[in-house]
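Beneath this line is the structure, given in structure tokens, with notes to follow.
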Amino acid sequence: MTITGTTTGTTEPGVEIRPPAEIRYAAELATLDAWDTERGHERPPGWRLSPRAVRAFIIGSPELGVTRKFYGDDPLVDRAVVSLMGRQGLMLVGEPGTAKSMLSELLSAAVSGSSTLTVQGTAGTTEDHVRYSWNYALLVSEGPSERSLVPSPVCTGMREGQVVRFEEITRCAPEIQDTLVSILSEKQLMVPELGPDARVAARPGFTVIATANLKDRGVHEMSAALKRRFSFETVAPVRDRAFEIELVQRQLEAELGPAFGWGGDRPEVPLDVLEVLVTVFQDLRTGSTREGAPVKRPETVMSTAEAVNVAVAASLEARYLGDGTVTAAEVARQIAGVALKGEEEDARRLRHYVDNVVRERARADARWKAFFTAAEPLWR
Amino acid sequence: MAVRGGAARGVDAVWERAPERLRASADAVRRLRAERGIHFAPVRHHSPACAVAVRTAIEELRPAVVLIEGPEEFTRLIPDLLHEATRPPVAVLSLGGPGAASSTRDGARARTRHDDTGDRDGGEGAGFYPLASFSPEWVALRAGHDVGAELVFIDRSFGERSVEERAASAGDGGSGVPDSTRAPDGVDAPGGVGAPDGVGRSGTAPPDPFARTLMSERYLAHSEAVAALARRLGCRDHDEVWDQLFEARASAELTDWRTVFDDVFAWSALARLDYEEGVLAGEGSLDREARMAARITETVARLAEGDVDGGVGGSADDIRPVLVVTGAFHTLALVEALIGAPEGAPIRDRQPEGGYGPVAQGEAWLVRNDHERLDGLRGYGAGMPSPGYYERLHAAHLRELGSTPSSDEDGPVGARALVTEVLVDIARGAAERGHAVSLPQVSSAAESAVRLAELRERAFPCRTDLLDAVRSCYVQDDGGVGGPGEPERPLGLAVAEVFGGRSLGDVPPGSASPPLVRDVRERVRAVRLAIDDSVPRTARLDARRTASHRAKRQVLALLDFVGAGFGQLVSGPDHVAGRGLGLITEEWQYCWTPLVEARLVEMVHLGATLDAVAVARLHAAEARLAGTAASTASVAVAARLVAQTLVIGMGAHLPRIVALLRSTLDTDRDLDSVVSGARQLLGLWQARVELGAEEQAGELLDLVSQALATAAYLVSDLGKVRAEDEDAAVGTLVGLRALLRDAAAAGGTSAAGDATAAGNASAVSGAWADGEARGVPGPERDEDGVGTAARAAVVRELARLRDEDGTAPAVAGALLALGFTDGEVSDDVLITRVRGALAAGADPATAVRFLGGVMRAAPDLILHTPEMFDAVDDALRVLDGDAFLAVLPDLRRAFTWLRPTETHRLAKRVAERTGARVEQVDVRVALSEDDLAKGLALDHELAAVLRRDGLAHWAAGAGAVTTRGEA
């Protein structure tokens, strides 16, 4: 069975909505490869680039014309690169929307030249997704054979000596997560169906970058055994307002396509409305306004990802229910629905925020007034 | 001075692009060495790399004299410093001479501002010259002594330095101070008292809000340059840049001392070029360099004359070398002054015609020190971060080089070997605190540290590589390590222990440290408290009106606070405990006993002056407060600390505590604590004149306003209290209302007018209306009180709570009563609600709790509002006997809020209504509640018996009065 338009690593940019990092940044990777060769940097076994080049790929290098792709925490990048050289996997933890997945994509693209060996963890992820499964038609006709075995990304990564990404690992049931335990420690995967000695041995370069959220609702615990096989790195939320606005804008475009003015049919979210949105999120996330007034911080994770959700929902509301313009009022209404997950205490915190901070701002600023007018009745 | 392929990246490039002036000076360095035997050892204070280089230089050069940057009066202390019982970390404590005006950084500044009698003589402006085992100066002393060199301190005497200079140096010592007086690399500052420390003034060096701004632009320029360099090298700050360039050299490389010193010189000379002459002159750097240059010249001349055997030949071989150990920042200037370069003119011009004459004298003491006071991260300006780590690093270097003191032979050999030791110790420290770290984790951390060092192109894992490795491998969740600004975690504490170090130095017996005792004596005497005998005395003070009394009170409170056991408050307003605030005069008993002196001596390690000790204590209190878990942090406790700070006249330190309080306000979930904290703060504001806290007045009001906002948030909790907590909740409510009233009266420019306006109860709601109408955005002070917006929010929340169903009955009652008193609830509403709450069919217990709330909040309501009286009367009449008995205790308590005269009036009213005589109603009997309950039960039983026997009419008259009359 083939999926229409299944992409392999050879697709031209522009055909896909979002080509993987190794295609988007192919030129930069080539530059770094040449740089490594020229300088004679040592590449760890199985790596496409040297650790130094991997770091330069992510935090940028003006001299080489490599753009910075990850902001804010360079030592974190150093540690991540070094962790990948070690025996353990790399576990990126943090709130949603902190660019964990982006970082893992960039790292695997730079280290292995491929970021597509990815297991997307959900509650429905089974052991087959982590180990291997079978092409049942072939299995029935030929019995277990190399041909009828369908390898998982992990299995392929081991064979090829590449970095495997495991997204949202804590969304999988603990027993599924634990499938990785022996793979990571023994670096081999037994395939008893093919015979007592059949196994997939990991080649150098194989490792796992997992991303996880430890505090969100609905995530599973991680066993101590699995934790021991990972180096943990915490990715902190975005602090820079302009950067966050940019992130939201970019994500919005990825989800809903370009806005009206740019040939799309999505109502444009004006910059000042985005500013209101991001400011609200930053205020509530940090527990203090930019002016330094304290704010009660809700339990709900006020992540950039949630801000994007609010922006998307506000856009949809404006398009289908409103007059096609996104205002702070839509944002206010959507924050109620999207950001609040039915926690009574959170509603109270938001009410406090609206009642005090927003009320004050509304006096001087029309956008905030719109926000306030829309939000006030929601929190009674 | 050619740079011989320094191992560290960066330095070579720096030198390549060096301006002409630097190239010329490199040549001058060579000539001074060859022609006059002057060898320079430019160092960064407390740098193990420099210390190793200094040691090798001395062992190889075997100089006749080692000249060390440090006030020249310290030379007298050299025997003590060399004493075998002296064990670093120690410090030389220097006090300004008699001529010096006070400018200790923390306390004195604040004090002179607030203390009208603050013109005490001397004892101020203490300088602090710390020496650790890895300080190049310490090594210079010890190694110089070993080779038989003469040891001399050559810097300008501390006593000669001007107030400005000391101020600058003080600024240099503190951490919070922007590096305005620091070279970017911390190589010592132009303003550093020259001490290898850049002199953190006496005692600890807490961040100080009063940062100098002498060179604020410079500071920005610097941080820009350093930040740019750090970015290029991939370092996070200037300390890591230093590590990268110098500390990352292997032991063997460090013994190539010429290269090390050339590189340090190049690095710091560039920083020096950023400074203009005017700035350096203003700070006293030039004066100090003039003195040092002159002393160097004198020494060289003296050597040449005294050298009878060799004669004064021209050949370099005959010259006995002199080693000059100074902060690298000064080296360029010294070189230019000595060689006669035109750039050296400003320094040469400062030297007096006839030389400086004999060595200046001044008071200085050798005292114990500890690593905490050395830690650059914890606030000591010229300190390097992580003294504990650098001490280990230095020891590891020495072991590798085989020049270890015999006592210290166990331990890792070489910096690479140190990695495991540090990681294991952190793991152990974390395990002791409950964070287990497994062996594989330790080994993967070691591996990770080595790889990080490789990635960052360092010879071995340095401080930040180790810290990153710990972060990578020891943390197994998303909580981080924990540290400043984060909740303390076992791992963070373990890291702090290993990197911060625990060493406590020792000084030879007999070298007592009298400065603190002397300082206290002077301060006590300055405010005219008798200390010449040990007879207990009493001082009656009126701090509100008399400035000198205020000063006395402050000194007494300060000594009380540090625990000197000198005096105690017998009566009068106690702003900390919040007692007796209405009183005008206060009475202190005090007595200068030997015990007081003994206690002071015990505190010597905390600081050289009373203020320094107080600051240290304050910090400890802050740390305790900051250390309490967020769930138990209490605004009331933090507010007490604010009060304490103001009472002892340490207003200058308020900002930190205020910040602490602000964060507490954010987490405290207890409305009562918030309200009482806010009331205390408001009380402090009201007492600002007598506390000498006018400057902090605005801050206090801001806090009150923030507390009000927090209170608004928490108000709704009151509605949900359990029955047994209702009393407390109502008490809180009453306090909150008083707070609102006081806040409305506070703050304005026309305070008097506002106060009267606010006196009437409607001011609270009035302010709210005003705030809305005028659309004033400012959440802070307005003409009509503090935190208008926040108050409005509280009022809004209270109204919401009042009208909500399900609010705890006593709280609802109290809210209703207060609302009525404040004119927010109309008569009709009040009566309807009261009747509703007490109506027949209502649960008597709930009804009485409601009534209790009303009575507590506004006891006189029942007297002044006839309808209310009727409502209560009716409600009580319909209660049947059992129910009445059940609620009686609560009912009694509800009515105790009336004053005796009011009780009397109420009794009259009841008597009129029931037709009984007042005396029958308003009876005061000394009975316990039990007695009463028993009596009533007996009465009731009796009545029952009578009824049973058909004699009910016997009990009818009197019984009714007794029972109902209780109301």
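Quick notes
- Considering residues of the range B:457-479 that are over 30 Å from the mean Cα position of the chain (by Cα), in a loop (DSSP other than H, G, I, E, B) and facing chain A (nearest Cβ under 7 Å) only, the residue surrounded by the fewest Cβ atoms within 10 Å (Cβ to Cβ): B:ASP477
- In the range A:225-234, of all residues being facing chain B (nearest Cβ under 9 Å) and of a type outside the set (Phe, Trp, Tyr), the one that is surrounded by the most Cβ atoms within 10 Å (Cβ to Cβ) corresponds to A:SER231.
- Hits in the range B:261-307 (condition: closer than 17 Å to B:GLU343 by Cβ and not in a helix (DSSP H, G or I)): B:ASP274, B:TYR275, B:GLU276
- If the condition is being surrounded by fewer than 21 Cβ atoms within 10 Å (Cβ to Cβ) and either assigned to a loop (DSSP other than H, G, I, E, B) or among the aliphatic types (A, V, I, L, M) (or both), then the range B:834-870 contributes B:ALA839, B:ALA840, B:GLY841, B:ALA842, B:ASP843, B:ALA845, B:PRO859, B:ASP860, B:LEU861, B:LEU863, B:THR865.
- Checking A:PRO151, A:PRO204, A:PRO174 one by one, the residue that is over 18 Å from the mean Cα position of the chain (by Cα) and touching a residue at least 60 places away in the same chain (Cβ under 8 Å) is A:PRO204 and no other.
- Just one of (1) within 14 Å of chain B (Cβ to nearest Cβ); (2) in contact (Cβ under 8 Å) with a residue 24 or more places away in the chain; (3) more than 26 Å from B:ASP477 (Cβ to Cβ) fails for A:THR116. It is (1).
- Set A:VAL93, A:VAL82: member being out of contact with any helix residue (DSSP H, G or I) (no Cβ under 6 Å at 6 or more places or on another chain) and at the interface with chain B (Cβ under 9 Å from one of its Cβ atoms): A:VAL93
- Filter result (modelled with pLDDT of 85 or more and surrounded by fewer than 20 Cβ atoms within 10 Å (Cβ to Cβ)) within the range B:6-25: B:ALA24
- In the range B:809-833, the residue that is farthest from the other protein chains (Cβ to nearest Cβ) out of those that are surrounded by fewer than 24 Cβ atoms within 10 Å (Cβ to Cβ) and touching a residue at least 60 places away in the same chain (Cβ under 8 Å) is B:THR821.
- A:GLU22 meets all of the listed conditions (1) without any contact (Cβ under 8 Å) to a residue 60 or more places away in the chain; (2) more than 10 Å from chain B (Cβ to nearest Cβ); (3) under 19 Å from A:LEU92 (Cβ atoms); (4) surrounded by 19 or more Cβ atoms within 10 Å (Cβ to Cβ) but one, namely (1).
- Qualifying position, being aliphatic (A, V, I, L, M) and in a loop (DSSP other than H, G, I, E, B), among A:ALA123, A:ALA137: A:ALA123
- Only one of the numbered conditions (1) of a type in the set (Gly, Ala, Ser); (2) closer than 19 Å to B:VAL475 by Cβ; (3) within 14 Å of another protein chain (Cβ to nearest Cβ) is not met by A:SER104, and that is (3).
- Just one residue in the set B:ARG528, B:ARG540 is assigned to a loop (DSSP other than H, G, I, E, B), at pLDDT 85 or above and not β-branched (Val, Ile, Thr); that residue is B:ARG528.
- Taken as a whole, the structure places A:GLU330 among residues that are of a type in the set (D, E, K, R) and either more than 14 Å from every other protein chain (Cβ to nearest Cβ) or in contact with a His (Cβ under 9 Å, 6 or more places away or on another chain) (or both).
- The listed residue being touching a Ser or Thr at 6+ places or on another chain (Cβ under 7 Å), assigned to a helix (DSSP H, G or I), of a type outside the set (Lys, Arg) and at pLDDT 80 or above, out of B:LEU423, B:LEU452, B:LEU491, B:LEU398: B:LEU398
- Number of residues in the range B:650-691 that are within 14 Å of chain A (Cβ to nearest Cβ), surrounded by fewer than 23 Cβ atoms within 10 Å (Cβ to Cβ) and free of Cβ contacts under 8 Å to residues at least 40 places away in the same chain equals 4.
- Among the numbered conditions (1) free of Cβ contacts under 8 Å to residues at least 40 places away in the same chain; (2) surrounded by fewer than 17 Cβ atoms within 10 Å (Cβ to Cβ); (3) within 14 Å of another protein chain (Cβ to nearest Cβ), the only one that B:GLU804 does not meet is (1).
- Any hit, the range B:896-912, residues being out of contact with any Leu (no Cβ under 9 Å at 6 or more places or on another chain) and under 23 Å from B:LEU942 (Cα atoms): no
- One residue stands out among those in the range A:268-313 that are within 14 Å of chain B (Cβ to nearest Cβ) and of a type in the set (A, V, I, L, M, F, W, C): the one that is nearest to A:GLY337 (Cα to Cα), which is A:VAL301.
- Residues within the range A:40-66 that are assigned to a loop (DSSP other than H, G, I, E, B) and within 11 Å of chain B (Cβ to nearest Cβ), tallied: 5
The values are calculated or read from the model by the stated rules, or taken from the named source; none is laboratory data. What you see is a predicted model, and the numbers here were worked out from it, not measured in a lab. Neighbour counts run over all protein chains shown; Cβ positions are idealised from the backbone, glycine included.
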